[in-house]
Each structure stands twice: as C-alpha cells, then as structure tokens.
C-alpha cells in the first residue's frame with residue numbers, strides 16, 4: 001500500500017504544470033511518465049528532481065546521451081528498480097541502442113555483480129582488507 005498518491009489533477013498546480021511543460025519541451029514528446037505524476041504531490045521535490053534529471057540526462061556533456069541511458073540502466077538493474085529499468089531501456093532504444101548492445105550491457109552488469117560479490121565475500125572471509133591490491 002502506498003503512503004502517497006498522485007494528485008487527481010496535478011497540472012492544476014501552476015508549478016507542476018510548468019515542470020510538466022518543460023519535460024514535454026525538453027523531451028520533445030507529449031508523454032510525461034508516471035514517476036513525475038507521483039512526484040507531483042510535492043512541487044518542491046518535483047522541481048528539484050526535474051532540475052537534476054534535466055542537468056544530467058538532457059544537457060550535452062562528455063558522455064553521449066545513449067551512454068548516459070545505458071549507465072542508468074546498469075545502475076537501475078543493480079538497485080533492482082524495475083520501473084527505471086523499463087523506462088531507461090525504452091529511452092536507450094529510442095536513442096539507438098541495438099538488441100546486441102542491450103544484451104552486452106546486461107552481460108557486463110551481470111558479470112560485475114558476480115565478481116563484485118565474489119571478491120567482497122572472499123576478502124571478508126579471509127580477513128584481508130578489501131582495498132586495492134596490485
């Protein structure tokens with residue numbers, strides 16, 4: 001059971017409407033996904049979160065937009081956020097991620113999880129500190 005609910009008509013709040021309009025303009029789409037509707041219960045939180053997302057994900061930087069989406073998928077898999085996995089997989093595919101790239105990404109995430117867990121466990125059981133070894 002959720003402890004919050006999205007407002008029944010979130011865009012009746014001018015601050016929420018302004019954020020949703022900016023999301024639509026930035027993404028060049030009329031679609032605003034559910035995450036933003038759920039954040040609309042708190043306009044301050046909505047504004048702060050969108051500002052961060054826009055600054056990192058929608059502003060040109062050293063990372064290609066597809067790479068950003070693929071990194072977001074990797075972190076979402078690691079954190080177990082199914083909604084985020086699906087949302088960012090769709091965004092990555094829209095930015096050109098192929099099925100082969102998606103499969104490779106998931107193989108890398110799986111391998112990293114496996115080896116991270118194995119090494120962390122091995123070092124903890126042996127009593128060896130987990131710092132970098134050369």
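Quick notes
- Residue, farthest from residue 90 (Cα to Cα), within region 1-46, restricted to residues that are in a loop (DSSP other than H, G, I, E, B) and touching a residue at least 24 places away in the same chain (Cβ under 8 Å): 13
- In the condition set (1) more than 22 Å from residue 2 (Cα to Cα); (2) surrounded by fewer than 17 Cβ atoms within 10 Å (Cβ to Cβ), residue 41 is compliant with all but (1).
- Test: residue in region 79-100 that is over 14 Å from the mean Cα position of the chain (by Cα), surrounded by 12 or more Cβ atoms within 10 Å (Cβ to Cβ) and closer than 24 Å to residue 3 by Cβ: no
FYI, it's all coordinate maths here, none of it is from the lab. Everything numeric here is computed off the predicted structure, so don't read it as measured data. Here the Cβ is made from the backbone with ideal geometry for all residues, glycine too, and neighbour counts use every protein chain on show.
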